[in-house]
Amino acid sequence: MLVLGVETSCDETGLAVYHTERGLLAHGLYSQVAVHAEYGGVVPELASRDHVRKILPLIREVMADANCSAADIDGIAYTAGPGLVGALMVGASVGRALAYAWDVPAVGVHHMEGHLLAPMLEDSPPEFPFVALLVSGGHTQLVSVASIGRYQLLGESLDDAAGEAFDKAAKMLDLDYPGGPHIARLAERGTPGRFSFPRPMVDRPGLDFSFSGLKTYTLNTVAKYAGADGLPDEQTSADIACAFQEAVVSTLVIKCRRALEATGLKRLVIAGGVSANTRLRAELERALGKIGAEMFYARHEFCTDNGAMIAYAGAQRLAAGQRESLAVNVRPRWPLDTLPPLDVSTSA
Ligand code: ATP
Ligand code: MG
Ligand code: FE
């Protein structure tokens, strides 16, 4: 089965062609980072308009790369939520309309299920069951995954998401958006141990997270060392980035280990933009080694938003018989644990 995947939930237009037997045939991404850069964050209306401009040329380009035509496509998967409503509407309208025109089924995919299943596109994919740490710009969740669509939420952030915390810390240090990779790069030059930032909620039982206190602590430290330009000197900025990253990483590591111990599972999947973080991967590897657990993640470009993960997740659901009605429905808010398990088909 050949599936076209469409992702437009935020500020990336992602397209991919995935074949259930032959794997990923082609993928393409247009990032709107430059469009939103001067605003220091994503402007929803600009995001929708840019998706409108980029989506059809990108579909043509990716289908040409995959060497396929409309007649070869057996189904279309598009992100139906969660995300920005206007941005979602672009991908959903185009995806649904093309499926109607080409007389093939369509399916609306949950963006976080896409992230969660992205490591399945790699050479040694994880087997079920596993624990998933979803760490992205909008989510920080620990999920027990029995199979596709059987998700149990173990814990989540009570305030900011981990990626959002990275973005806000970056803004405090006058780094560009999205801030995660910039903080990570700056932190490499930092002096470990000069500052020690609080590890939120690690001494409390449970698997929830909170990053707002760490954000305030970072802001106060920046203010304390700020010079005339409102910023600490270069070395101090690097030391702050380092302390911030270490605090986020060790909080995530402690909770992942706790989730594996609580569930008795030995496999951890990390997904979403923050799973690209090298320090997080290294520290998790070390911690999991001690308890004989294994870690899985997607290649770098499939940690952040992309069309391949949507094509993959959608292909699984289409192959199992799931179908969307002709209506274009998006869900800006959509809890992951309300998805139907794959073995229950939800034909419209
Ligand atoms: P969601 O998936 O929750 O809807 P999103 O799609 O905006 O949110 P992603 O695209 O998965 O999020 O990830 C983007 C986030 O990942 C940003 O907050 C970014 O700063 C962060 N990020 C990307 N690379 C890194 C890195 N190397 N270290 C830390 N954070 C990173
Ligand atoms: Mg993004
Ligand atoms: Fe995302």
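The values are calculated or read from the model by the stated rules, or taken from the named source; none is laboratory data. Please read all numbers here as calculations on a predicted model, not as lab measurements. Heads up, the Cβs are rebuilt from the backbone with ideal geometry, glycines too, and the neighbour counts pull from every protein chain shown. Surface accessibility is based on the protein's heavy atoms, side chains included, excluding ligands, DNA and RNA. Shrake-Rupley method; radii C 1.70, N 1.55, O 1.52, S 1.80 Å.
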Checklist outcome for this item: In region 199-237, residues that are open to solvent by less than 50 Å² (accessible area, probe 1.4 Å) and either of a type outside the set (Ser, Thr, Tyr) or under 29 Å from Ala132 (Cβ atoms) (or both) total 18
Checklist entry - List the pairs whose first member sits in region 109-122 and is in contact (Cβ under 8 Å) with a residue 40 or more places away in the chain and outside any helix (DSSP H, G or I), whose second member is open to solvent by 10 Å² or more (accessible area, probe 1.4 Å) and of a type in the set (D, E, K, R), and whose Cβ atoms are under 8 Å apart, counting only residues at least 6 apart or on separate chains? => result Glu122/Arg299
Item to check | Hits in region 285-322 (condition: open to solvent by less than 40 Å² (accessible area, probe 1.4 Å), farther than 30 Å from Ala99 by Cβ and in a helix (DSSP H, G or I)) | outcome: Ala287, Leu288
Item to check | Sole residue being buried (at least 24 other Cβ atoms within 10 Å of the Cβ), within 16 Å of ligand 2 (Cβ to nearest atom), at negative phi and modelled with pLDDT of 95 or more, chosen from Leu133, Leu142, Leu88 | outcome: Leu88
Checklist entry - Residues in region 254-268: is at least one aliphatic (A, V, I, L, M) and within 16 Å of ligand 2 (Cβ to nearest atom)? => result no
Checklist entry - Can you tell me which residue in region 19-69 is farthest from the chain's Cα centre (by Cα), limited to those that are in a helix (DSSP H, G or I) and in contact (Cβ under 8 Å) with a residue 60 or more places away in the chain? => result Val62
Next on the checklist: Out of the residues in region 6-18 meeting the condition of being part of a strand (DSSP E or B) and touching a Leu at 6+ places or on another chain (Cβ under 7 Å), tell me which one is farthest from ligand 3 (Cβ to nearest atom).
Outcome noted: Val17
Checklist entry - How many of the residues in region 253-283 are within 18 Å of the chain's Cα centre (by Cα) and not β-branched (Val, Ile, Thr)? => result 11
Checklist entry - What number of residues in region 212-249 are closer than 16 Å to Arg279 by Cβ and either hydrophobic (A, V, I, L, M, F, W, C) or touching a Gly at 6+ places or on another chain (Cβ under 6 Å) (or both)? => result 11
Next on the checklist: Condition first: without any contact (Cβ under 8 Å) to a residue 60 or more places away in the chain, part of a loop (DSSP other than H, G, I, E, B) and open to solvent by 50 Å² or more (accessible area, probe 1.4 Å). Can you find one or more residues in region 145-156 that meet it?
Outcome noted: no
Next on the checklist: Would you confirm whether or not region 102-122 contains a residue that is more than 20 Å from Arg317 (Cα to Cα) and away from ligand 2 (no atom under 16 Å from the Cβ)?
Outcome noted: no
Next on the checklist: Residue under question is Ala241, and the condition is that it be within 30 Å of His51 (Cα to Cα) and small (Gly, Ala, Ser); does it hold?
Outcome noted: no
